[in-house]
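Since the structure comes first, as structure tokens, the remarks are kept for the end.
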Amino acid sequence: IAAGVVPKTGALLLAVGLGIGSLLLAASFGAVTLVFGSLMTAAGFLYDFPLKRTAWSWVPYVLGLPILPLWAWAAVGASPAAARWVYPLGVLLALALHIANALPDDEVDRRAEVRGLVQRLGTAWAVRLLLGCYWLALVIGFALVLSEPAPQAAVILGTIAGGALGGWATTRAISEPRARVVFGALAVGCGLLAISVVAAITPG
């Protein structure tokens with residue numbers, strides 16, 4: 001959009017169309033999945049407007065992303081006992097991802113007078129918060145996987161791989177907080193960790 005390749009009107013129509021389509025698909029699984037789908041969609045729109053350039057830009061991340069596994073469990077009718085830990089875990093991962101995504105644009109955002117979370121915290125404290133969120137999430141994730149009676153080898157390997165990749169990304173953030181590779185690596189690492197935890201605690 002910024003480069004003029006995609007017209008604003010076209011992007012808006014596409015966003016609205018996809019949003020409606022996703023809600024219709026969510027409704028086909030039942031009322032609970034529709035509620036979860038509505039909350040995730042609303043979080044996405046809240047991020048795009050009006051919170052993206054404010055100190056509250058992190059809120060849609062921590063509200064929307066952790067709902068995804070709850071939506072999936074509701075869709076298939078599964079409700080694992082450890083599900084209560086998934087949302088706190090998702091909040092930590094989502095906040096870490098938000099900071100990693102915002103750090104590379106810190107200087108540009110400051111020149112544009114954007115006052116997001118990273119700008120208010122400062123680079124050093126933003127990186128500290130990123131590390132704290134991710135590593136606490138990693139500890140919780142490993143605890144959930146290992147608390148299962150007989151976790152599958154693939155789940156354990158996925159947890160280790162996700163932890164290692166995320167660990168590398170957070171370590172890189174210490175020395176190069178504005179490196180764009182940090183967000184990409186962290187996103188994959190968080191994804192692997194989340195998938196492994198959900199697979200470990202899902203019944204059957």
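Where a number appears in this text, it was derived from the coordinates with a stated rule and is not lab data. Only a predicted model underlies this, so the values are computations on that prediction, with no experimental measurement involved. Quick reminder, even Gly has a Cβ in these numbers, built from the backbone with ideal geometry, and neighbours come from all protein chains shown.
Sort 100-107, 118-125, 47-54, 13-20 by the packing proxy (mean of other Cβ within 10 Å over each peptide's residues), most packed first.
Result, highest mean Cβ count within 10 Å first: 100-107, 118-125, 47-54, 13-20.
Each residue of the stretch 135-146 in order: what ³J(HN,Hα) in whole Hz does its phi give by Karplus 6.51 cos²θ - 1.76 cosθ + 1.60, θ = phi - 60°, with x for Gly and Pro?
Running phi through 6.51 cos²θ - 1.76 cosθ + 1.60 with θ = phi - 60° gives 5, 5, 4, 5, 4, 4, x, 4, 4, 5, 5, 6 Hz.
Expressed in nm to one decimal, what extension gain is obtained for the pair I174 and L13 from 0.36 nm per residue of sequence separation less their Cα-Cα distance?
53.9 nm
To the nearest 20 debye, what charge dipole does the stretch 1-124 have about its Cα centre, counting +1 at the Cβ of each Lys and Arg and -1 at the Cβ of each Asp and Glu?
Using Cβ point charges on Lys, Arg, Asp and Glu, the stretch 1-124 gives about 140 debye.
Given bins 10 angstrom wide, list per bin the percent of all Cα-Cα distances in the stretch 21-107, short to long.
It works out to 17, 43, 30, 9, 1, in whole percents.
What FRET efficiency comes out for the pair R115/A153, r = Cβ-Cβ distance, R0 = 45 Å, nearest 0.05?
Once rounded, the FRET efficiency stands at 0.45.
Give the residue from L131, P66, P80 lying farthest towards the positive end of the charge dipole for the chain; charges sit on Cβ (+1 for Lys and Arg, -1 for Asp and Glu) and the dipole is referred to the Cα centre.
So the residue furthest toward the plus end is L131.
Can you tally the net charge around I201? Count Lys and Arg as +1, Asp and Glu as -1, for every other residue whose Cβ sits under 13 Å from the Cβ of I201.
After counting each charged neighbour, the total is 0.
Label point 7 Å out from V188 along Cα-to-Cβ: which residues of the stretch 151-178 have amide N under 20 Å?
What the label zone holds, given the 20 Å backbone N cut-off, is 154-178.
Mind checking which of A187, P203, T171 is farthest towards the positive end of the chain's charge dipole, using Cβ charges of +1 (Lys, Arg) and -1 (Asp, Glu) about the Cα centre?
Farthest towards the positive end: T171.
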